[in-house]
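One structure is given here, and the rest of the page talks about it.
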Amino acid sequence: MAQDHSSAFVRTQEIPPAPPPPGETGAVHWIKTNLISSVPNAIATAVGIYVIYWLLSGLVPWIVNGTWVTNNIRECREVLAGSGGGCFSVLTERYAQMLFGFEYPSEFYWRPSLAFALLFFAVPPALFPMYLPRGMLIATGLYPFVAFWLIWGGTILTPIGALAGVLVGYYAFTKLDKYGFAAALGGGIVGAWVVWQAFGMIAGGMPGFLALEAVLSRNMGGFMLNMILGVVCVSLSIPLGIVLALGRQSSMPLIKIVCVVFIEFVRGVPLITLLFVANVVLAYFFPPDSNIDLILRVIIMITMFSAAYIAEVIRGGLAALPTGQYEAADSLGLNYAQAMRLIILPQALKISIPGIVNVAVGLFKDTTLVSVISMFDLVGMIRGPILSSTDWAGVYWETWAFACILFFVVCFGISKYSQWLEGQLRTDRH
Amino acid sequence: MTTLSDPPKSDFRIGMLLSDTRYRSYTFQFIALLAIILSVSYLVSNLLANLDRLGQDLSYEFLGAPAGYDINQQPIPYNSQDTHLRATVVGAMNTLIVAFLACLTATVFGVIAGVLRLSNNWIISKLMSVYVEIFRNIPVLIWLIIIFTVTANVFAPIAEFRIPRDGSEPARTLIFGVMAFTNQGVFVPRLTFEAGGTIVVWTFIASIIGIFAYKSYVKKHLFATGTELPFWLPALAILVIPTLLMFLILGRPVGVQLPEMGRFRFEGGLQLRTSFIALWFALSIYTGAFIAENVRAGILAISKGQTEAAAALGIRPGRIMSLVVLPQALRVIIPPLISQYLNITKNSSLAIAVGYMDLTGTLGGITLNQTGRAIECVLLLMLFYLTISLLISLFMNWYNNSVKLKER
């Protein structure tokens with residue numbers, strides 16, 4: 001077949017891709033699709049922009065024109081002279097009270113501050129175990145004792161004794177483990193108890209040994225009190241919650257009933273009623289001559305409260321495990337304690353971590369309720385000593401904004417962490 | 001052929017209580033029972049010793065004594081000479097009122113915010129996520145106090161509504177002549193009932209039930225014949241006509257009483273106090289943020305394939321939502337929604353922080369402080385909330401069972 005080459009056009013190069021038509025790309029396209037794609041959408045955009053303008057028109061002058069240096073609200077009003085600025089000097093003047101309460105000795109503010117700073121070394125090894133060496137968990141383990149010593153003061157022998165008791169108990173537990181879980185647990189508790197008694201006597205004999213000046217619990221206040229209650233109660237309630245969750249799954253009817261009744265009872269009543277119990281009822285159930293601190297009673301009740309919620313989260317984790325895991329443990333000949341410790345709980349807890357973090361955030365927010373039983377946490381401080389003082393009566397926007405920011409930073413941070421963790425733990429799909 | 005031998009029937013030995021799994025659980029339960037009995041008796045003996053030392057006893061007789069304090073919101077008639085029991089009942093009713101209203105408005109806020117957060121309008125969806133994150137991460141107590149302080153300080157004092165001596169216009173007037181926002185609360189019209197008024201109300205309730213009956217009839221008719229009966233117009237007729245007829249026949253027994261400015265304060269109308277408004281609004285807007293998340297999760301849980309399959313069958317977009325997506329999403333949304341209602345009921349006990357006289361304010365607050373009957377009061381308080389919680393959980397279990405996917 002003859003070919004005619006004369007009029008042939010053969011492209012030797014590919015045409016470079018043409019740019020998308022203007023209006024189908026860039027900012028214009030984005031605005032078209034996301035903001036004004038239809039009439040209702042455009043109206044919604046206008047409403048949204050107006051709301052943002054309204055919020056900013058109040059907020060910006062308030063912050064920009066605000067004053068930070070006056071001594072009381074009258075001076076503040078003179079300086080501001082109706083400019084719409086905020087009276088932030090209440091924060092510069094009273095921030096210490098909001099953070100530490102009004103009775104914590106001001107010369108010791110460095111102690112809780114240091115304890116707070118150390119939190120950033122103690123917590124990450126537990127929160128990010130996949131990125132940090134396991135050895136750093138020692139810092140996490142030591143933290144409660146160091147923090148207790150820093151915040152409450154007293155002789156260093158008390159936290160050292162507590163730590164020694166825990167170590168001895170743990171050692172006894174590992175040594176006795178071959179005789180069965182119950183024996184090991186009993187041995188561990190006895191060992192720890194003996195050491196605690198011994199150190200209790202030593203510390204009682206030498207109250208001045210390497211002592212920081214002691215601060216009474218009732219002098220704790222401000223945001224520090226919220227942090228203490230939150231951290232202590234969550235850490236205590238996790239082991240208790242595990243026990244309750246296992247008890248609820250137990251095949252022994254008596255144990256099951258006790259756990260179910262406890263969990264459902266605590267979950268069914270508001271935290272305030274439990275705080276009332278801590279405030280006015282719990283003292284009736286202690287021996288007549290005992291004098292238990294209000295803060296300790298509150299810690300007991302809040303721990304019970306959050307333990308019930310954490311138990312339900314962990315129960316969800318236990319239920320989510322396939323039955324094969326339980327059967328595999330049985331077929332390996334593991335007894336109940338071994339099966340739980342080695343096979344079931346590590347997986348169930350991994351599933352429940354995001355839920356536990358959610359409970360922790362909720363609990364941290366709920367620590368503000370202690371202000372109702374006249375403890376001076378952050379909310380109590382602002383409502384009581386600060387807003388009712390003659391110097392700062394009426395500076396509510398600034399003080400509450402400060403409280404909101406503190407809580408928002410902590411809670412938002414933790415919930416973002418929980419979302420991140422959920423992504424990390426989702427190993428089964430991409 | 002193999003023979004199966006019976007398992008060896010060994011005699012029961014005392015050691016088997018520990019070593020044999022068949023008996024060990026009895027041992028453990030016995031030990032647990034012993035421990036429970038011991039600790040309970042220890043606590044009770046402490047309790048008795050403490051009561052004895054303080055010269056107190058446990059009795060509920062104080063409930064019959066006159067309360068001697070006033071309650072500022074009374075759903076049923078009450079005065080300070082009535083008993084503590086009546087004060088408790090008034091408090092419980094106030095709890096239920098605020099919890100019920102907050103559940104309604106929280107659902108409205110939550111559904112709106114949850115749907116808008118999925119909107120394709122970037123500004124609106126971002127605004128809604130800011131709302132959700134801000135309200136979820138700050139304690140409800142702080143919101144409650146902020147809203148309470150703001151309503152008490154930002155709204156105009158009642159004095160500005162007063163007609164000045166010289167007869168000139170007052171600084172402020174009622175909005176549309178029916179409502180007033182003041183720093184002592186919101187004044188709204190009140191419904192007044194004369195003789196026969198309740199009959200009108202019952203007629204109204206009966207016509208609402210009638211609408212549901214008509215709806216199920218329409219559905220049955222549709223399934224039986226394939227033709228659709230009109231729904232909205234007849235429903236409107238059922239709603240309005242019987243009530244209106246009854247209203248006119250009985251001689252207009254239901255009236256509206258508007259709030260009016262008297263010499264010093266508002267007379268007539270219904271005063272919604274600042275504490276009530278603050279509690280209601282704070283609970284709704286805080287829980288609304290949580291409900292928004294539930295709603296969003298529920299809608300996202302329905303896979304896109306469902307919408308596309310429905311569209312492929314030629315169903316109109318509005319019907320896809322109501323017939324395909326929503327019924328499935330509701331199954332995901334409603335259980336967490338009900339537990340949010342439970343949270344609202346429990347959080348309504350925060351009323352004590354702003355002085356709203358709910359059950360915690362009456363029984364757990366003033367009655368407890370006046371009589372000193374701490375154990376009895378706290379026990380009753382817990383019992384009330386526990387009953388509500390258990391009722392709601394029962395309802396939730398019933399609902400979960402009724403919407404569970406029926407697998408065959």
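May I ask you to derive the FRET efficiency for B:N400 and B:F100 from their Cβ-Cβ distance with R0 = 25 Å, giving the value to the nearest 0.05?
After rounding, the FRET efficiency stands at 0.70.
Let's test the formula: R0 of 60 Å, r as the Cβ-Cβ distance of A:E75 and A:I31. What FRET efficiency results, to the nearest 0.05?
Rounded to the nearest 0.05, the efficiency is 0.80.
Can you give me the orientation-averaged projected area of the convex hull built on the Cα atoms of chain A, in nm²? Kindly include the intermediate steps, with their values, before the conclusion.
Numbers: hull surface 159.3 nm².
Its Cα hull, projected and averaged over all orientations, spans 39.8 nm².
Given +1 on the Cβ of Lys and Arg, -1 on the Cβ of Asp and Glu, and no further charges, what dipole in debye does chain A carry about its Cα centre, rounded to the nearest 20?
620
In terms of modelled amide H atoms, which long-range or inter-chain residues lie less than 5 Å from the amide H of A:A211?
Under 5 Å from the amide H of A:A211 lie the amide H atoms of A:I156, each far enough along the sequence or on another chain.
So what's the convex hull volume per residue for the Cα atoms of segment A:221-430, in Å³?
Dividing the Cα hull volume of segment A:221-430 by its residues yields 144 Å³.
Compute the label zone of A:S217 within segment A:269-306: residues whose backbone N is under 11 Å from the point 7 Å along Cα-to-Cβ.
Within reach of a label on A:S217: A:291-301.
Count the DSSP beta bridges whose two residues both fall in chain B, then state the antiparallel fraction as a percent rounded to the nearest 5.
Taking every DSSP beta bridge within chain B, about 95 percent pair in antiparallel fashion.
Out of all DSSP beta bridges in the protein assembly as shown, what portion is antiparallel? Express it as a percent rounded to 5.
Once the DSSP bridges in the protein assembly as shown are tallied, antiparallel ones form about 85 percent.
Taking only the Cα atoms of segment A:109-211, how large is their convex hull per residue, in Å³?
Looking at segment A:109-211, the number lands at 108 Å³ per residue.
Stokes-Einstein D for segment A:27-180 at 10 °C, 1.306 mPa s, Kirkwood Rh over Cα pairs, in µm²/s?
Details: Rh = 21.8 Å.
The calculation lands on 73 µm²/s.
From the convex hull of the Cα coordinates of segment A:56-110, what is the mean projected area in square nanometres?
Details: hull surface 18.6 nm².
Quarter of the Cα hull surface area: 4.6 nm².
Can you pull out the cysteines in the protein assembly as shown that have no other Cys Cβ under 4.7 Å?
A:C233, A:C259, A:C404, A:C411, B:C103, B:C377
Dividing the convex hull volume of the Cα atoms of the protein assembly as shown by its residue count, what figure in Å³ per residue is obtained?
Values: hull volume 311.7 nm³, N = 838.
Output value, Cα hull per residue: 372 Å³.
Run the simple label-point estimate for B:R190 and B:S168 please: 7 Å along Cα→C-beta, distance reported in nm.
The two pseudo-label positions are separated by 3.3 nm.
How charged is the neighbourhood of B:S275? Take every other residue with its Cβ under 15 Å from the Cβ of B:S275, and add Lys/Arg as +1 and Asp/Glu as -1.
Around B:S275, the surrounding residues sum to 0.
Between A:T33, A:T158, A:T399, where does the largest GNM mean-square fluctuation fall for chain A, given springs only between Cα atoms within less than 10 Å?
Comparing A:T33, A:T158, A:T399 in the GNM, the peak value goes to A:T33.
Hey, if you put +1 on the Cβ of every Lys and Arg and -1 on every Asp and Glu Cβ in the protein assembly as shown, which of A:V39, B:L258, A:V194 ends up farthest toward the positive end of that dipole?
Of the options given, the answer is A:V39.
Using a Förster distance of 56 Å, how high is the FRET efficiency between A:L119 and B:T387, based on the Cβ-Cβ distance and rounded to 0.05?
E(calc), rounded to 0.05, equals 0.85.
Once the dipole of segment A:221-430 is set up with Lys and Arg at +1 and Asp and Glu at -1 on Cβ about the Cα centre, which of A:G324, A:V409, A:F223 lies farthest towards its positive end?
A:G324
If the elastic network links every pair of Cα atoms under 10 Å, which of B:A278, B:A65, B:A351 fluctuates the most in the Gaussian network model of chain B?
For chain B, modelled as a Gaussian network with Cα springs under 10 Å, the answer is B:A65.
Show log10 I(q)/I(0) for chain B at q = 0.06, 0.13 Å⁻¹, two decimals, from a solvent-free Debye sum over equal Cα scatterers.
-0.43, -1.37
In debye, nearest 20, what is the charge dipole magnitude of the protein assembly as shown about its Cα centre with +1 on Lys and Arg Cβ and -1 on Asp and Glu Cβ, if you could check?
Working: 52 positive and 43 negative charges, 339 e Å.
Charge dipole, the protein assembly as shown, about its Cα centre: 1620 debye, nearest 20.
What net charge is computed for the residues neighbouring A:V69, neighbours being all others with C-beta under 15 Å from the C-beta of A:V69, Lys and Arg scored +1, Asp and Glu -1?
-2
Which length gain, in nm to one decimal place, applies between A:Q424 and A:L240 when the Cα-Cα distance is subtracted from 0.36 nm times their residue separation?
63.6 nm
How much net charge surrounds B:L229 when only other residues with a Cβ under 12 Å from its Cβ are counted (Lys, Arg +1; Asp, Glu -1)?
Charge balance near B:L229 sits at +2.
With point charges of +1 on the Cβ of Lys and Arg and -1 on the Cβ of Asp and Glu, referenced to the Cα centre of chain B, which listed residue (B:F384, B:A213, B:S41) lies farthest in the positive direction of the dipole?
B:A213
Could you give the dipole magnitude of segment A:1-88 about its Cα centre, charging the beta-carbon of Lys and Arg +1 and that of Asp and Glu -1, in debye to the nearest 20?
300
Among A:L119, A:L80, A:L132, which one shows the highest mean-square fluctuation when chain A is modelled as a Gaussian network with alpha-carbon springs under 10 Å?
A:L132
All of the numbers you see were taken from the coordinates with simple rules; none came from a lab. Since the model is a prediction, treat every value here as computed from it, not as a measurement. Quick reminder, even Gly has a Cβ in these numbers, built from the backbone with ideal geometry, and neighbours come from all protein chains shown.
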